[in-house]
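What follows is a short report on a single structure.
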Amino acid sequence: MFIRKKKNKSGSISVQIISKSSKKYKVIKSFGSSSNPDVIYGLELQAKQEIQRLESNPGLFLFEKDILLTSFLSEIQNGQIRTIGPELVFGKVFDSIGFNSINEPLFRHLVIARLAFPLSKLKTIEYLYRFQGIILNLDTVYRFLDKLNDKLKDSVELIAFEHTKRVLNNNISIVFYDMTTLYFEASDEDDLRKTGFSKDGKHSNPQIFLGLLVALGGYTIGYDIFEGNIFEGHTLIPTIEKISKKFNLSKPVVVADAGLLSSNNIKELQEKSYEFILGARIKNETTLVKNKIFETNLKDNEFSVIEKSENLNLILSYSDKRAKKDAHNRKKGLERLEKQIKSGKLTKSNINNRGYNKYLKMEGEINIAIDKEKYEKDKIWDGLKGYITNCKLKPGEIIANYKNLWHIEKAFRMSKTDLRIRPIYHRLKSRIEAHICLSFVAYTIYKELERVLKIEKYPLSIEKAAELTHNMYQMEIILPESLHTTKVLLKMDDNQRNLIKIINKFF
């Protein structure tokens, strides 16, 4: 700071305190003007005292700057602040996978919105306007959904498949297939939405089946949807054949759980020259096979191969950990039945062979009791797990590959919880298909981000990473002097900075 004596046009002298910053001069304070030398000298003394005071207490010098800054910030409107995190994180993954080749801005907005804030389409529109400044109306979104599936599904699956090939170095020799149910809030049925056995426990709600095909590690290949009352076993072959033909898959090993096990599926898989690993229902085997099972006497982590036919084997494994879990579940099931009997809530209609109700029996006309003998006999199955296969892999490899089915179970769990694919509020088939398509893309992005975080060994769950994007903000301002518009990314916390660092490293 220094004192300036400025000569005015009138001939008088003004006394001012001047500061220099960034090669610019700024008037800190003016003390008046005069033509009288004695008065000017007095004004200089006042200026010197003010400089001493300001230099001994810098906060006083900043006071005027604070006022200017506060005034500037008070002019900033809510609409100038945007939530930028979802675009910085999910947007980059979206582009890296290749979904940006689909030149539909609304497609991108809806996918990223589902990853950041999975809401209904109406709520999504509100989110996009409030946090992104994107103005849409519901009719525009619905018109886009009406054409999305027919126009984009093949492109979406191809992009996801090519990404999976890159991640797995073109090794798609084993595929995993499973199904789940997705229910609707509306109560009426149509050609697609049907009531049926619900894996969500919503037996009175119409539903559809979603079949998902993934590669090793849970990386996406393709999907299909089916009417809600179909037998899930009837979907396996059509889906495998359809997707294999689309992507020219050369007869991969097919892995699926016991829910898709049927003699027709096994026969058709063999006729079409597929190798397969299916979960077995060992309690439903023939007496001959059961006797062979009981003769094995397996110990922890041991396995045995039982030949069912010339080209079909039952791989049997035993685990102490599974045995403890099976015993615990049977005990809990028995305790529930005993509690229901005491309460008088069980009737003749409960006597069936489903679940733990198989331990019930009728005594006399109406007396229902626990069949303890049947309960005790069931101990022999504790810890045993079976796999039906015609695969040429070694038994240990067959068991290890089947265990990878948990990836597809996780895919359904992530889709249903994190991405909230259910319940579905749409009624039209085209919009239902579009909703599934968007969710499929969102899961593919979610999975890729999870993979990258795992590679970096960063102790952050995918759910937490998604949460961190919610409060990454960017502010658009007009600079007060140059009047130029600029965007300022607001300072992030440590976890947010680390996440962005990882994103920029990989994408």
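Computed on region 85-176, the Cα convex hull volume stands at 115 Å³ per residue.
Distance between the 7 Å Cα→Cβ label points at residue 281 and residue 479: 7.3 nm. Available extension along the chain between residue 493 and residue 120 is 131.3 nm, counting 0.36 nm per residue and deducting the alpha carbon span. In this structure region 132-189 gives 47 Å² per residue of accessible area when probed at 1.4 Å with all protein chains present. Excluding ligands, DNA and RNA, the accessible surface per residue across region 261-325 is 62 Å² with a 1.4 Å probe. A crude spin-label estimate for the pair residue 295 and residue 171, with each label 7 Å from Cα along the Cβ direction, gives 3.8 nm. Surface composition of the chain: carbon plus sulfur atoms hold 50% of the accessible area, using a 1.4 angstrom probe and ignoring ligands, DNA and RNA. The phi-based Karplus calculation (6.51 cos²θ - 1.76 cosθ + 1.60; θ = phi - 60°) puts the 3J(HN,Hα) values of region 261-278 at 7, 7, 4, 5, 4, 4, 4, 5, 4, 5, 5, 8, 6, 8, 8, 8, 9, 10 Hz, whole numbers, x for Gly and Pro. Sites listed here are trypsin sites (Lys or Arg not before Pro) in region 429-507 whose DSSP assignment is loop and whose Cβ has at most 14 other Cβ atoms within 10 Å: 457, 491.
The values are calculated or read from the model by the stated rules, or taken from the named source; none is laboratory data. Just so we're clear, the structure is a prediction, and the values are computed from it rather than from any experiment. Note that each Cβ is placed from the backbone with ideal geometry, even for glycine, and that neighbours are counted across all protein chains shown. SASA here: full protein model, heavy atoms, side chains in, ligands and nucleic acids out. Shrake-Rupley method; radii C 1.70, N 1.55, O 1.52, S 1.80 Å.
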